């Protein structure tokens, strides 16, 4: 484990025991090393990693169009390559080659910078996401606060896109989106505080480590408080709204606003806006998993002499679990989009201020009492 110990010794010290160290065949594998890492560390999780790679390929390469086609019992893209596998590559090549058009009446600096701000706001949060006990960009002691604050920059970029386009539909969509994002950040942040309070830390790695244990899923935060599940649901609904996902896609309502704040965009600027949306979906899914579902911890418990939790924990296994949980919630977001109708603006705000925010505050208060006097 010398390579991983060099990367994050403290994280490794707190992570689960070596994978199946008591098994003779594992000990034999550990005598051989590749790049300073025992072969057993790579060999044991090989099968599940292949599974998650195929799963990611289905979601990433086929994209939402193929997932929505499966949900709606239709074919979807199937002409470009075998089973349409090359459709995403064809789309990328098309977008790269398209002319970079800026409308004559647009405010060019704002029009050009808007997609960049949206893109940076979505991807900067990945720096603090813990993908395993060893794989994390920066283990900040205020990691959760950083992620929540840096994502809010995206609202500035959206407003720049709408205002800079000099298009009334784009401006309407941008104003709707900013109002929606700022509003739903309130219940989302309160729900996040529930998970932070239960772990006693703003560091994402420490939050995940606080949910480690031999009983696997039973150590997850969602099972440690009677109201943690409600906080998780409130955060997930708020995340849908912050990502402009249906039924909260009113900012880009094509039936009334053509396409919302990105109406005037094409080519790579258009691609950056949508790449930021899908990055935000995965980012919020990982944050939800970290706060309430154990992050990179294995859900499998130790059952007597069968140490499933010990065997399925570690740096490589951790990456498998966090990716699996993240992609699961991305699929759920896609499922919701192609199942539920769009809210009206008044319904959207009613849900935020009169339903989710009061319930989030009650959840936070109850969780605080539970942590102080019961747990």
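In whole Å, what are the extents of segment 99-373 along the principal axes defined by its C-alpha atoms, from largest to smallest?
The principal-axis extents, from largest down, are 71, 39, 34 Å.
Once fully extended, how much extra length lies between residue 346 and residue 141, figured as 0.36 nm per residue of separation less the alpha-carbon to alpha-carbon distance?
Working: separation 205, 0.36 × 205 = 73.80 nm, distance 3.86 nm.
Gain in length upon complete extension: 69.9 nm.
Can you check how the C-alpha radius of gyration of segment 238-294 compares to 2.2 N^0.38 Å, as a plain ratio?
Details: Rg = 13.4 Å, N = 57, 2.2 N^0.38 = 10.2 Å.
Here the answer is 1.31, to two decimals.
Relative to the compact-globule scaling 2.2 N^0.38 Å, provide the ratio for the alpha-carbon radius of gyration of segment 252-375. Could you put the intermediate results ahead of the total?
On the way: Rg = 20.2 Å, N = 124, 2.2 N^0.38 = 13.7 Å.
Rounded to two decimals, the normalised Rg is 1.47.
Using square roots of five times the C-alpha gyration tensor eigenvalues, list the equivalent-ellipsoid semi-axes of segment 82-155 in whole Å, biggest first. Walk me through the numbers before you get to the answer.
Numbers: eigenvalues 195, 108, 12 Å².
The answer is 31, 23, 8 Å, longest axis first.
Obtain the nm distance between the two label points defined at residue 223 and residue 324 by a simple spin-label model: each point lies 7 Å from its Cα along the Cα-to-C-beta direction.
1.5 nm
Can you tell me the FRET efficiency between residue 100 and residue 80 if r is taken as the Cβ-Cβ distance and R0 is 25 Å, rounded to the nearest 0.05?
Working: r = 24 Å, r/R0 = 0.97.
The formula returns an efficiency of 0.55 here.
Along Cα→Cβ, 7 Å out, is where each label goes; now give me the distance between the ones at residue 268 and residue 71 in nm to one decimal.
3.1 nm
Which parts of segment 194-208 would a label at residue 332 reach, counting a residue when its backbone N lies under 16 Å from a point 7 Å out along Cα-to-Cβ?
195
What does the extension gain come out to for residue 89 and residue 166, with contour length at 0.36 nm per residue minus their alpha carbon separation? Kindly include the intermediate steps, with their values, before the conclusion.
Working: separation 77, 0.36 × 77 = 27.72 nm, distance 3.19 nm.
Going from the current span to full extension adds 24.5 nm.
A short reminder: the numbers here are calculations on the coordinates, not readings from a lab. In this text the structure is predicted, and so the values were computed from the model without any measurement. Note that we place each Cβ from the backbone using ideal geometry, even for glycine, and neighbour counts take in every protein chain shown.
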